[in-house]
Structure formats: C-alpha cells, structure tokens
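Reading through the structure tokens given below for one structure.
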Amino acid sequence: NKEYVGFSALPGQVHRKTVKKGFEFTLMVVGESGLGKSTLINSLFLTDLYKDRKVPTAEERIEPTVSLEDHTMDFEEKGVRMRLTIIDTPGFADSVNNTNCWDTVVKCVEDRLGKYLHDESGLNRRHINDSRVHCCLYFISPFGRGLRPVDVACLTALHDRVNILPVIGKADCLTYTELRALKQQVRDDLERHSIRTYEFPDCDSEEEDEEYKIENQKLKESVPFAVVGSNMVVEVNGRKVRGRLYPWGIVEVENMLHSESATLRSVLVQTHTQDLKDSTAEHHYEAFRSQRLQMPNT
Ligand code: GDP
Ligand code: MG
C-alpha cells in the first residue's frame, strides 16, 4: 500500500503508466568550478544516506572533477522506480582564456538528443532508452553580483537545448538579505539577457488542485534555489544530519531554513520529473529534431 506522493497531480493514466515503468531521468550540473556541484550531487543522490546513516570518516574527500563524468543509479522514490543518470562537469576554471569552455557541455547535450533522434528513426522504436538531458542545474556564484559574462554566454548556448534550472551554490555563505538581493539580481539578469529557464507549470487547467497551484507559484518565486551541499554527517541534538560544521554552528543541508536543497531534490525526483521530461520532449527535442531534419549536416 504505497503512496505516490507528488505524482498525484499527474492525470490518472500517465500516472499509472509511469509508476509501472519507472522513470529514466538525466540530470546535468554546469557552472564555474568550485561552486559545490559535485558535493551537492553527492549530498542529494550518490551516498545512500537514507538507508544507512553511517558517519563518513574524517573530512570531505571530494576530488576536483576533471572531465565529463556520468553516474547512473537505480532507486525507488516513494514507490516510483527511477533510473537516474547524473552528468557532472568540471565547470569553468579560472583560466585566462575561457572562450567557449562550454562547448563540450553543449556537445554532450546535443549528442544525446541526436542519439534519440537516431533511435527513433530506427527499426526498434518501441524501446528507446531516453538518455536525453532532462534538466541542467546551472550553478551561480554566491560571491558575484548576479550573472557574469561567462554565465550569460554559457546559458545562451544551452537554453535552447535543455531545461535550465539555475541555483545559487554555497548559499550558506550569504545572509538572508544578501540571498534575497542576489536572487532578485539573477532573475533580472536572466530576463535582461532573454535567457529562458525551466518554467514551473502555470496550471490554469481545472484539473489541478489549489494546493498544486500554490506550490508551483512558490517554486517559481524561489528560483534560483539556494543550495548547500555536504559530504559529512554531523550530529544535531542527537539527530544525525548531513551538514556543514562551522566554528559557530551547523548548517543543515536538508533544513528548509538553511537551504533549498531538499526542495530541489523533490522537484527533480518527485514532483516535477514528468514535467521536465515532457518539456524536454516537447520543446528542446522537437526544436532539435526539426533543425536536424532541415539541415542534416549541421
Ligand atoms: P565543484 O567544482 O563545483 O564540483 O565543487 P566541489 O563540490 O568540488 O566543492 C568545492 C569546495 O567547496 C570543496 O572544498 C567543498 O567542501 C566546498 N563546498 C561544497 N559545497 C559547499 C557548500 O554548499 N557551502 C560551502 N560553504 N562550501 C561548499
Ligand atoms: Mg566537481
């Protein structure tokens, strides 16, 4: 007797089909190096904190990411099976020449769209593995004043190809006021540069319940999510939690007052998985497909 929390908003048929088949979902992380991309991924998915709360030894041991790496894992989230692939990218280093440093990232996204197009035109169209990138978490620095030129260039190169969800990395470095100002600045910059990010559904249809509408409105207003990651488990009042231990206190990754990491996780693997997949298919894949069919050699 399982509860399918978060999927309740899907129309019945899609819901039943999805629950039976499970999801194939691919997530990518992009942004400047050192903003906590690998740590966040590790925090959210890679270590099975939920089953077996082991305390990792000593300090954090994340190595710098040097190439595009993908990790695939199968898990079950509230009764729904999921095959999650995460593509971790090295991010932009502070080399003097950052020209087109996002090319490999764009290529990776396009290769995956291309593979789907190829499979779809093949003989066995019934069982296509969907390895398209369904969401790109784009990390924004907490230390800047909004989007930097490299962010604008990279986002512009990507936004037609993939759903972009901007996040502010290492958000524990900001006070509440600073965070609010930075979020506003990022939203203004995105608009000014006409960068399209993933849009939480508007849900004007009658089917949607009131709660779902309010939830989506809240999510919309929270973008870019302020995220915090950690590879350490610390103890707070006898509870073991994933957190960052500072001389002055503990930042808890999953505490809603400290970070929006938990919100992000549930958007990705529960509440908006299907919508991100639909948006990939309907917008990004369709655009890619018609371009390829018109100009096969591009
Ligand atoms: P990446 O290059 O974006 O993958 O960044 P890493 O995950 O390798 O992290 C770079 C450094 O930042 C490491 O020393 C982490 O311990 C630290 N770090 C990671 N996440 C956070 C965070 O949420 N807050 C703070 N303050 N530091 C973080
Ligand atoms: Mg990394």
For residue 26, residues with placed amide H under 5 Å, excluding near neighbours: 85, 134, 135
Fewest first, what order do 256, 232 take by the number of other Cβ atoms within 10 Å? 256, 232
Within-14-Å neighbourhood charge of residue 161 [Cβ basis; K, R +1; D, E -1]: +1
Surrounding charge for residue 89, neighbours by C-beta under 13 angstrom, Lys/Arg +1, Asp/Glu -1, total -3
Whole-Hz couplings from phi, Karplus 6.51/-1.76/1.60, listed for the range 256-261; x for Gly and Pro: 4, 6, 9, 7, 9, 4
Among 115/170; 107/240; 107/218; 37/107; 21/240, which pairs are too far apart, with a Cα-Cα distance over 29 Å? 115/170; 107/240; 107/218; 21/240
Taking the mean number of other Cβ atoms within 10 Å as a proxy for protection, how do you rank 183-189, 237-243, 258-264 from highest to lowest? 258-264, 183-189, 237-243
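Every number in this text was worked out from the coordinates using simple rules, so none of it is lab data. Model, not experiment: these values are computed from the prediction. Glycine gets a Cβ as well: all are built from the backbone with ideal geometry, and neighbour counts include every protein chain shown.
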